[in-house]
1. Consider K209 carefully, then state whether it is modelled with pLDDT under 85, among the basic types (K, R) and under 26 Å from K307 (Cα atoms).
2. Pick out the one residue from I90, I154, I76, I140 that is at pLDDT below 85 and surrounded by 13 or more Cβ atoms within 10 Å (Cβ to Cβ).
3. Among the candidates S160, S225, which residue alone is modelled with pLDDT under 85 and farther than 24 Å from K308 by Cα?
4. Listed residues E297, E319; which is surrounded by 12 or more Cβ atoms within 10 Å (Cβ to Cβ) and modelled with pLDDT of 80 or more?
5. Only residues in region 19-42 that are farther than 22 Å from T156 by Cβ count as the first member; pair them with residues that are modelled with pLDDT under 80 and basic (K, R), Cβ under 8 angstrom, at least 6 apart or cross-chain, and list the lot.
6. So which of F229, F210, F215 is touching a His at 6+ places or on another chain (Cβ under 9 Å) and either surrounded by fewer than 16 Cβ atoms within 10 Å (Cβ to Cβ) or in the same structural domain as S258 (by TED's automatic domain parsing) (or both)?
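The values are calculated or read from the model by the stated rules, or taken from the named source; none is laboratory data. No experiment lies behind these values; they were computed from the predicted model shown. All Cβ positions, even for glycine, are placed from backbone atoms using ideal geometry, and neighbour counts span all protein chains on display.
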Amino acid sequence: MWFNVSYASNFQPKKFNCLGNGSSIRTQVNIIKEYDSEYLLGFEQSDFGSAFSFMKINNDTLVSYSMEYKWDVVHISTFEPLKDNSRKLIVYTYRLTKDQLNEIKQLNSKFSNYNDIADFDLTDKELKDEIFILNKIEKILSSSKKEVVGDPLIYTCNISNEKTSTPSNSNSSLNLGENDTFACRKDGVSSIIKILEIYEDNNVVLYTKFRGNKFLNFGRFTGESLEFFSLENTYKKSGNEAFLTINMLTPPVDEKLSYWLFTVSLTDEEKNELKKYGTKFDRVVSKISKFNLTDEELIKEIKLHDKKLEIIGNIINSEEKVQNQGMTSVTLICKKRDYSN
């Protein structure tokens, strides 16, 4: 979802590890190349994906833009100068008009179709083209009032001494294996997460144990996190309410993992849309056994997972939905434990 930024001075390859203020959302920003005194190439890998960003230096602050045509929005990212051994990465999101979108869609950056880190050499013409694209987007956005979408995302970023490497979808950054179990708790809220099965390195079957119930889930490794969803129903006299929770398990800090839960209520339309997709999971069980998913079953679970991700994206990127549907979030701290079922 959110990609961008860095800073050049006596340029050398640099990497920044960034953590969202007040949350466990992480992103990693790499400075790849300095083209001249004003422009850099960066690469960002976050919990939501990865992308390149062509960046302009404004008074030691880097500014870049990334488009999400699916949601009709643009993200404007600023990477502030070093202060107290850290930098602030701030990402603002604005909704565009159809005219603005159509004008920007005609622009074609050299980096737009690449998702893996690389060192791009630009000819003089290619550099001029990228500068033109950046300035054009900047001009379009400054020409009219912008519709703000949500609050800005603010990260605190520290320089990493690790060598820049190609992003991977494997689970190596979490070092998770089958039967790994984690106890998660904070402020009186607790849960247990257990990895049951791993498929093709980045798809997993797992369960969470909460208040005595074991809830089955299908999850996927995305970059440096494990994400999975819970589809839940609450029955009241007024009717059946449905909720969708995105769960994210992120890499350890001081041997402790962060477990982030973000829950939204579903409309009847969204609930009915999800019913079109069958699944072996999203249910409470009393006994857990091996599933040994076939290739067809695995493809089906991946499709359902992506559909849930799409619904979450539609909600998060719609100010109206955010206001009407309500959201709650909590972050638990997890440590590996030796538990039986």
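1. yes
2. That would be I140, the only listed residue that is at pLDDT below 85 and surrounded by 13 or more Cβ atoms within 10 Å (Cβ to Cβ).
3. S160
4. Testing whether each residue is surrounded by 12 or more Cβ atoms within 10 Å (Cβ to Cβ) and modelled with pLDDT of 80 or more leaves just E297.
5. Nothing qualifies.
6. It is F229.
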